[in-house]
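The values are calculated or read from the model by the stated rules, or taken from the named source; none is laboratory data. Because the structure is predicted, anything quoted here is derived from the model rather than measured. Note that we place each Cβ from the backbone using ideal geometry, even for glycine, and neighbour counts take in every protein chain shown. The accessibility values were calculated without ligands, DNA or RNA, using every heavy atom of the protein model including side chains. Shrake-Rupley method; radii C 1.70, N 1.55, O 1.52, S 1.80 Å.
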Amino acid sequence: MVNIAVLASGRGTNFEAIAKAVKTGKIKKAKIRLLITDKKDAFARIRAKKFKIEDIFINPKEFKTREDFEKKLIRILANEKIELVVLAGFMRILSSYFVKKFKNRALNIHPALLPVFKGTKAIESAYCYGVKVTGVTVHFIDEKVDHGPIVLQESLKIKDGESLAELEERVHSLEHKLYPEAIKLFAEGKLKLKGRRVEIL
Ligand code: GAR
């Protein structure tokens, strides 16, 4: 069993999709040990209660530096013997200190086809740019934002006349399918890194 911690800051729909996939046996070889949030009122915390997953709120304001915050985070992850960190809408940039500790053991999801439309509001940026194709990327984290080796990527065609809200809904549904798939592959030991390239065994 791979011990997972999910880190989220907001709604937590990806967290819920992953929790469901574990509960229903779509992901068999992993267990979500904890949800960690950096926002007291993150809706993800309510979802954690529903799935009876332990949830820990770390208040960033209690720490002088980012490194102090991350030391606390790492202590918690070590205590729970976490082997995979899953960032699911965790809106905090993690330093190279954290990245080194969880090298090739921390995933992130991004609602666009990286390397384009990095950062926040990616769906809106792609929509406003007028691209015909966008999608979702799951990747390992590295020192740069939305940058590490790509595990899975899937595209969506933007339909003529589609509203931003409609596109957002389709992108999120795709996220909820793709993230559990990537975690399943990791848990089954099927991801092999060759530099930036992630091979699926
Ligand atoms: C998701 O769309 C995720 O891709 C995005 O935040 C949202 C969180 O939603 N992350 C990024 O944009 C990272 N650059 P959720 O809280 O409902 O899972």
Can you give the convex hull volume of the alpha carbon atoms of the chain per residue, in Å³? 120
Cα-Cα over 28 Å, subset of Lys26/Lys121; Lys40/Lys101; Lys31/Lys118: Lys26/Lys121; Lys31/Lys118
Hey, how many Å between the Cα centroid of the stretch 185-201 and the Cα centroid of the stretch 1-70? 24
Considering only the chain, what is the antiparallel percent among its DSSP beta bridges, to the nearest 5? 45
Going down the list Lys28/Lys103; Lys103/Lys132; Lys49/Lys72; Lys39/Lys71; Lys50/Lys192; Lys20/Lys194, which pairs span over 29 Å between their C-alpha atoms? Lys103/Lys132; Lys50/Lys192; Lys20/Lys194
At what distance in nm do the modelled label points of Glu124 and Glu169 sit from each other, each positioned 7 Å from its Cα along Cα→Cβ? 1.9
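Given Cβ point charges of +1 (Lys, Arg) and -1 (Asp, Glu) and nothing else, what value in debye, to the nearest 20, does the dipole of the chain about its Cα centre take?
760
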Quote the accessible area belonging to Arg45 in square angstrom, nearest 10, computed with a 1.4 Å probe and with ligands, DNA and RNA left uncounted. 50
Gyration tensor verdict on the stretch 1-40 (Cα atoms; rounded if a/c is under 1.5, prolate if a/b is larger than b/c, oblate otherwise): oblate
Using the Karplus curve 6.51 cos²θ - 1.76 cosθ + 1.60 with θ = phi - 60°, what ³J(HN,Hα) values do you get for each residue of the stretch 85-96, in whole Hz, with x for Gly and Pro? 9, 10, 8, 10, x, 8, 8, 9, 7, 8, 6, 5
Total charge dipole magnitude, the stretch 20-114, about the Cα centre, Cβ charges on Lys, Arg, Asp, Glu only, Debye to nearest 20: 440
For the stretch 87-201, report the % of Cα-Cα distances exceeding 21 Å. 37
Estimate the FRET efficiency between Ile46 and Lys26 by the formula 1/(1 + (r/R0)^6), using the beta-carbon distance for r and 30 Å for R0, to the nearest 0.05. 0.85
Sort Ser95, Ser173 from largest to smallest accessible area, using a 1.4 Å probe on the heavy atoms of the protein chains. Ser173, Ser95
